[in-house]
Amino acid sequence: MNLSRKLFFSGFLLLVALASHSPLQAAGDKDVAGVVLSFDDTYVKQWYDYFGQRTDNDEVKATFFVSYWHTLSDAEIDKLRLLRAKGHEIGNHTYSHKGVAGDYNFDPSRVQEYLGDQIIPSLLNMRADGFSPVSFSYPSGERNEVYDAAVRQYFPYLRTTFTDVSREMFQTGEIFHGPNDQYEVLAGDGIDNSYNNPVAEIEAALLRAKTNNEIVTVYAHRILADGSPDADHPYGIRGSKLDRLIVAAKEMGLKFYTFEEAWKIGNQNGPVSNTNITVSSSGGSGSVNAYIIFLLSLVSLLKLAPGIAKRLFRH
Ligand SMILES: [Zn+2]
């Protein structure tokens, strides 16, 4: 680790010390702050090459939402078994990646067709290979309440996507949830090359999770070696970026949750109806943002991350 990285993490240690005394976390609350790292589609070899070799699986967990299960080779399915054995979660991402909007036009009369084509056959394929998925992510994040209710009969834990380019990730309450929240679906923001969420911005989101005792969900697709010709593929994250995020989360003392584990942190009164979703009720409050901006601007003053606060104050 070079000097600037050491300084950067020293800054984080300072922030974590401040965050752990946050006025926003009620005294006596159990510390559940954490992150969900999730990956979609079929990039089993890349996922295994990255996570299969790690020696810190007791600490660092991820969730892999797999589509096109019927096209996987035996070797790929074995790799998913090995990932599962290391504590990672294997979820479902439909049979052939059809979108509720793009392919089904949100049509309520086509729900049974969707279940028959996209949900049930892929669940059966996974079961035939010894997997019992309970979590599901929607291709392209396309969903609505009618489809949620149908899919939930097969996969109780649903992940969608959320992004808002006008806000920093830490200001996006939609991707955070905590023990006091009720939800029927959880959303993640993208950390692939194309999502315009640089490391510093994602680290600020991790900091909010720590400060506010929340869990933040992110997702990616490919995991790319820095030297590979694909390193800048829009739908992939470089291994070096993922390394930095994992180190930062560890430095902050965040837990790495599988999606199933993260889901069970909230919803203590059972799911509410979709029309009453109140994810991160505390998330959008000005005091939370003000406190995190204060912490980040402190880093800026220390010249550890001079770019962050400057960008934040523009919003
Ligand atoms: Zn996908």
For this session: Considering only residues that are away from the ligand (no atom under 16 Å from the Cβ) and of a type in the set (A, V, I, L, M, F, W, C), look in region 127-161 and name the one that is surrounded by the fewest Cβ atoms within 10 Å (Cβ to Cβ).
Result: ALA128
Exercise. When you go through ASN196, ASN212 one by one, which is the residue that is surrounded by fewer than 19 Cβ atoms within 10 Å (Cβ to Cβ) and touching a residue at least 12 places away in the same chain (Cβ under 8 Å)?
Worked result: ASN196
Problem set entry | Test: residue in region 114-129 that is of a type outside the set (D, E, K, R), in a loop (DSSP other than H, G, I, E, B) and more than 20 Å from ASP41 (Cβ to Cβ) | no
Problem set entry | Residue in region 60-71 that is farthest from the ligand (Cβ to nearest atom), counting only those that are surrounded by fewer than 20 Cβ atoms within 10 Å (Cβ to Cβ) and farther than 19 Å from ALA220 by Cβ | HIS70
Exercise. When residues of region 162-188 are filtered for being surrounded by fewer than 22 Cβ atoms within 10 Å (Cβ to Cβ), touching a helix residue (DSSP H, G or I) at 6+ places or on another chain (Cβ under 6 Å) and without any contact (Cβ under 8 Å) to a residue 60 or more places away in the chain, how many remain?
Worked result: 1
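Laboratory data are not the source of any read-out in this text; all were calculated from the coordinates shown. Worth saying up front: this structure is predicted, and the values here are computed from it rather than measured. In this analysis, Cβ positions are derived from the backbone assuming ideal geometry, glycine residues included, and neighbour counts consider all displayed protein chains.
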